[in-house]
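Structure record follows, encoded as structure tokens.
The values are calculated or read from the model by the stated rules, or taken from the named source; none is laboratory data. Every value quoted in this text rests on a predicted model; they were computed, and no experiment measured them. Don't worry about glycine lacking a Cβ; one is built from the backbone with ideal geometry, like all the others, and counts go over all protein chains shown. Ligands, DNA and RNA are stripped out before the accessible areas are found, and what is left, the full protein with its side chains, is counted by its heavy atoms. Shrake-Rupley method; radii C 1.70, N 1.55, O 1.52, S 1.80 Å.
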Amino acid sequence: MDETMNRLIRALDLEKLEENLYRGVSSSVGWQRTFGGEVIAQALVAAQRTVAAERPVHSLHGYFLRPGNPQAPVIYEVARIRDGGSFTTRIVHGIQHGEAIFTLSASFQRREEGLDHQMPMPDVPRPDALPSAADLADEILARAPEPIRRYWSRPRPIEFRPVSFDHYLTREPLPPRQHVWVRTVAPLGDDPALNAAALAYLSDMTLLDTALFAHGLSVFDERIQAASLDHAMWFHRPVRVGDWHLYAQDSPSSSGGRGLTRGSLFALDGTLVASVAQEGLIRPRRPPEG
């Protein structure tokens, strides 16, 4: 298996220290700070470890409180808030060096039948009609600024196929929306809990950037201080993250140094499997004084 996938799977296999207490290590090798999606996924795994398998996660809400250090482990403390007839609630605190860096509330529901509808998937090119990672590097990234080339060339456990790459090649304002096909670089099997955690991991990728399109900027722009502030996710239907999913994103508003982004994750057959919302810091950097 691909080494980046091995690192991700190891990162999601938390060590149990005590009842309701787990330790996670980072797969963000060489990063200055821990990737936010990894913290979301690990906190979800910690909560899942305290919930019966027949109650999958249906929603999570998290706040990023401090940057994480990828060189140090994160301790996840789970509070068992409620175990009801249909729903289970957990709160998880991610702690590093004695301080909370992340907090998560997650709700789980026993499987049941109910009313079923969804919005249709956007009509965009399929992933097999788009450039592969190798094609992207040869045909498009060669024209992109160096920070963007470095980011997209970095080995990772998630494969991306953007429908458009225009926003990285121009500083002209563009509509604040994008469509990206995503999947893990290797299959994850059928474990619903692991697939949900992996989906949470990738849901933090490319999302905040969408709020900057309207301003002709990207998260790689040195004029911008960018960071995720909070993250919410709703799991609608079962998912296999090793298969292609369309991540349809838009940004309805930015103000006050923050940008709001929304995302919908569709399976290849058009099934809506999850919805995402995130607010992030997109603060213009002040010029040095003096």
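Rounded to the nearest 500, the 222 nm mean residue ellipticity of the chain from helices alone is -4500 deg cm²/dmol, with -39,500 (n - 2.57) taken per DSSP H run of at least 4 residues.
Charges only on Cβ, +1 for Lys and Arg, -1 for Asp and Glu: so what's the dipole of region 131-289 about the Cα centre, in debye to the nearest 20?
Working: 17 positive and 19 negative charges, 66 e Å.
Charge dipole of region 131-289: 320 debye, to the nearest 20.
Across region 214-290, C-alpha contacts under 8 Å between residues 6 or more apart give a mean separation that, scaled by the residue count, equals a relative contact order of 38 percent. Sequentially through region 218-226, phi angles give Karplus couplings (6.51, -1.76, 1.60; θ = phi - 60°) of 9, 5, 8, 6, 5, 7, 10, 9, 10 Hz, Gly and Pro residues having no value and appearing as x. Relative to the 2.2 N^0.38 Å rule of thumb, the chain has a C-alpha radius of gyration ratio of 0.99. When peptides 16-27, 206-217, 34-45 are sorted by average Cβ neighbour count within 10 Å, with the highest value leading, the order is 34-45, 206-217, 16-27. Here the contact order of the chain, divided by its residue count and restricted to Cα pairs under 8 Å and six or more residues apart, works out to 17 percent.
Size descriptors for region 131-289, from the alpha-carbon set: Rg then Dmax equal 15.8, 55 Å. When the charge dipole of the chain is built from unit charges on Cβ atoms (+1 for Lys and Arg, -1 for Asp and Glu) and taken about the Cα centre, the candidate among 264, 165, 26 whose Cα reaches farthest toward its positive end is 26. The residues packed around residue 267, meaning those with a beta-carbon under 14 Å from its beta-carbon, carry a net charge of +2 if Lys and Arg are +1 and Asp and Glu are -1.
Which three numbers, in whole Å and largest first, are the semi-axes of the equivalent ellipsoid of region 224-266 derived from its Cα gyration tensor as √(5λ)? Working shown, then result.
Numbers: eigenvalues 132, 22, 22 Å².
Each semi-axis is the square root of five times an eigenvalue, giving 26, 11, 10 Å.
Its relative contact order, with pairs defined as Cα atoms under 8 Å and 6+ residues apart, puts region 1-135 at 23 percent.
Ordering 222, 279 by accessible surface, largest first, gives 222, 279; the 1.4 Å probe counts only protein heavy atoms, with every chain in place. A convex hull fitted to the Cα coordinates of region 1-110 yields 99 cubic angstrom per residue. Each peptide in 78-91, 61-74, 241-254 gets a packing score, the mean of other Cβ atoms within 10 Å over its residues, and the list from highest to lowest is 241-254, 61-74, 78-91.
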